[in-house]
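Just so you know, all these numbers are worked out from the coordinates, no wet-lab data involved. What you see is a predicted model; the values in this text were computed from it and never measured. Quick reminder, even Gly has a Cβ in these numbers, built from the backbone with ideal geometry, and neighbours come from all protein chains shown.
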Protein chains: 2
Amino acid sequence: MKLTHLIGMSILTSSLLMGTSTNLAETAIKSGLKAIPESKEALKKLIDPNSLLTDAKVELGKKLYFEPRLSKSGIISCNTCHNLGMGGADGVAAAVGHKWTANPHHLNSPTVYNAVFFDAQFWDGRAHQVEDQAQGPMQAEPEMAAPKSLVEERINSIPGYVSEFKEAYGKDAKIDFETITKTIGYFERTLVTPSRFDDFLNGKQNALTDAEKEGLTVFIDKGCVSCHSGIALGGSMQPFQVAAKYKFANIGDFKGDKNGMVKTPTLRNITETAPYFHNGAIWSLAEAVKEMGSTQLGIKISDEEANKIVTFFNALEGRKPEIVYPQLPKSSDKTPKPDFN
Amino acid sequence: MKLTHLIGMSILTSSLLMGTSTNLAETAIKSGLKAIPESKEALKKLIDPNSLLTDAKVELGKKLYFEPRLSKSGIISCNTCHNLGMGGADGVAAAVGHKWTANPHHLNSPTVYNAVFFDAQFWDGRAHQVEDQAQGPMQAEPEMAAPKSLVEERINSIPGYVSEFKEAYGKDAKIDFETITKTIGYFERTLVTPSRFDDFLNGKQNALTDAEKEGLTVFIDKGCVSCHSGIALGGSMQPFQVAAKYKFANIGDFKGDKNGMVKTPTLRNITETAPYFHNGAIWSLAEAVKEMGSTQLGIKISDEEANKIVTFFNALEGRKPEIVYPQLPKSSDKTPKPDFN
């Protein structure tokens, strides 16, 4: 985010406050917001540009996503911290994992929903694709704490998984850590939540209430869209604390990537994923909006304006894909036992 | 279980080893085994004798079953230890809960599937109905660690739950601890898993393989059915260590109820719910069968016989109800925050 860009945005949009719905949708799109496409084909191209997904891989990926035996203890799965019933997150400030250890940098679990649309994964953006991201928490000592070799041994010891990998990847499939985590990523690519906001951008003028339209206008006008743009309304790396210091910067030691850049969180389903910020220090969405105003934009967002923006956020609550809870294949005598140490 | 009863059983059945399938099904029923009824009406009467279940209550109960905010930390749900994708249990020896604390008595999480058919809940049988059982782990310090008041406060602070309780119980519904846990029990009553064994008892002679029929015959002939009887093939209180001391009795301090009685685990889905015994000390099902022979029946079950019995157990793997993973209503500003201490 550059300040010049920001100022340009603000000029572009400030005069459009009272425009019609069509104008507003056009303005939103011009300002950098994008809809999840309505057409299944267009969406498929976006989430699976290299045509890697098959039903068998996605279904297997779903099982692995809910699979606690991918953790050292055998009781923590991807879904523990990225709960698909809770907006794709866990609702706690800093993630807690193996041995009840809080994230050592006091980092909050970001939502997995719509992560396929992010340019960057992790708060410091160290991975680009969901497939790469999946390798991190599984191995991280305070999360799932499972070395690659343990993950491979567990899955290869479970006959049901071996046959499903063969079905998905062919008879000679090698069930290694990369294939296992990649398959989880394939499932995650399907976790897309179209919302009333998308319907609005896609032409349904009545998809938003008047109050939500007003909130969207304020959102654009204030310049929030400079960082919260694209399909994800976020997901790209941006400088942090551009205008002022974040008021809870002292909680945890996270400083962003080597250039101080931080991944902008998506605003999709944001009403369902409190607490906010990389360290989960703010529980109120209106307070988070105001803090962003001062930290990033160098402006004071009033309570009234913040509430209007939050009203718009309701329209970003997406329709979640229906997930049938998977039946996981049973362990064998060879399956490495749970280890709580 | 009385020894005289046991001996009678053995005489009754030993001559039937090579009988026809019809004979075998009849023998099984005469010896005390019961099928899950095929007829929906008959099943409904069994699981809901007082006609308390409604779709709204069961659906709400499902949400609560998967609801981590019922725990003090906000990250442990009923499903954490009674995982519906893992045979209704957790696959670890002693349950681990709040603050990574193992069950202080080293007790293993029993499956929730078919628990509605049990005479007794908990290893010491201190509850009779699933509704009563649900009150225990939620409050237990090493499990979900949530005092009643916290559970009530959390649920009452979530508008989505308040309206669902009103829908389920009427406008003046009081959302107290009893109602919350009762509703979870209503959902659990639906967690019934008919298997090929039921099909066999219900008249489908080819539902079992010949090897499974042979295993069933050994199972009856050895007298296992003295305790593992009824629809649940278990679930009632029985004396433990009748004939000899359990070889891992030194793991944990559990001694049964005040009379030394212990709840017999169900054998339904037993192939999916290792490890075995109240303290989860035995991982091999064949070993568990042999140990039961010496501990309870005072007989030596050979490796070959144990393997035959285990082969029969495959027929007890049930068809699980399809569970659509629930979308949980979002917290409000008033929702008590997660507490990891």
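Summary of values
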item: Using alpha-carbon coordinates, inclination of helix A:159-169 to the longest axis of chain A, degrees; result: 60 degrees
item: Straight-distance crosslink candidates among aspartates and glutamates, where the alpha carbon sits under 13 Å from A:LYS308 and sequence neighbours closer than 8 are dropped; result: A:ASP210, A:GLU212, A:GLU214, A:ASP221, A:GLU287
item: Cα long-axis angle, helix A:210-222 against chain A (0 to 90 degrees, to the nearest 10); result: 90 degrees
item: Within 10 Å of each Cβ in A:80-87, the average number of Cβ atoms from other chains; result: 5
item: Sequence ranges A:216-229, A:187-200, ranked by mean other-Cβ count within 10 angstrom, highest first; result: A:216-229, A:187-200
item: For A:LYS182, net neighbour charge (Lys/Arg +1, Asp/Glu -1) across residues whose Cβ lies under 10 Å away; result: -3
item: Candidate lysines - alpha carbon under 19 Å from A:LYS263, same-chain residues fewer than 8 apart omitted; result: A:LYS2, A:LYS34, A:LYS245, A:LYS247, A:LYS255, A:LYS290
item: Amide H within-cut-off set for A:ALA127, under 5 Å, with H built and near neighbours excluded; result: A:GLN121
item: Peptide-level mean, for A:273-286, of C-beta atoms on other protein chains within 10 Å; result: 1
item: Shielding score for A:326-333, defined as the mean number of other chain Cβ atoms within 10 Å; result: 6
item: Helix B:21-30 axis, angle to chain B major axis (alpha carbon atoms, nearest 10°); result: 60 degrees
item: Proximal charge balance of B:THR101 [Cβ under 15 Å; K/R count +1, D/E count -1]; result: -1
item: Cα gyration tensor shape for region B:41-188, rounded if a/c is under 1.5, else prolate or oblate; result: oblate
item: Karplus (6.51, -1.76, 1.60) ³J(HN,Hα), θ = phi - 60°, over region A:85-90, in Hz, Gly and Pro reported as x; result: x, 10, x, x, 9, 10
item: Rel. contact order, % - alpha carbon contacts under 8 angstrom, at least six apart, chain A; result: 26 percent
item: Region B:41-188: relative contact order in percent, alpha carbon pairs under 8 Å with at least 6 residues between; result: 30 percent
item: Local electrostatic count, A:TYR276, Cβ distance below 11 Å [Lys/Arg +1, Asp/Glu -1]; result: -2
item: Lysine pairs within region A:42-86, Cα separation less than 19 Å, 8 or more sequence positions apart or different chains; result: 4
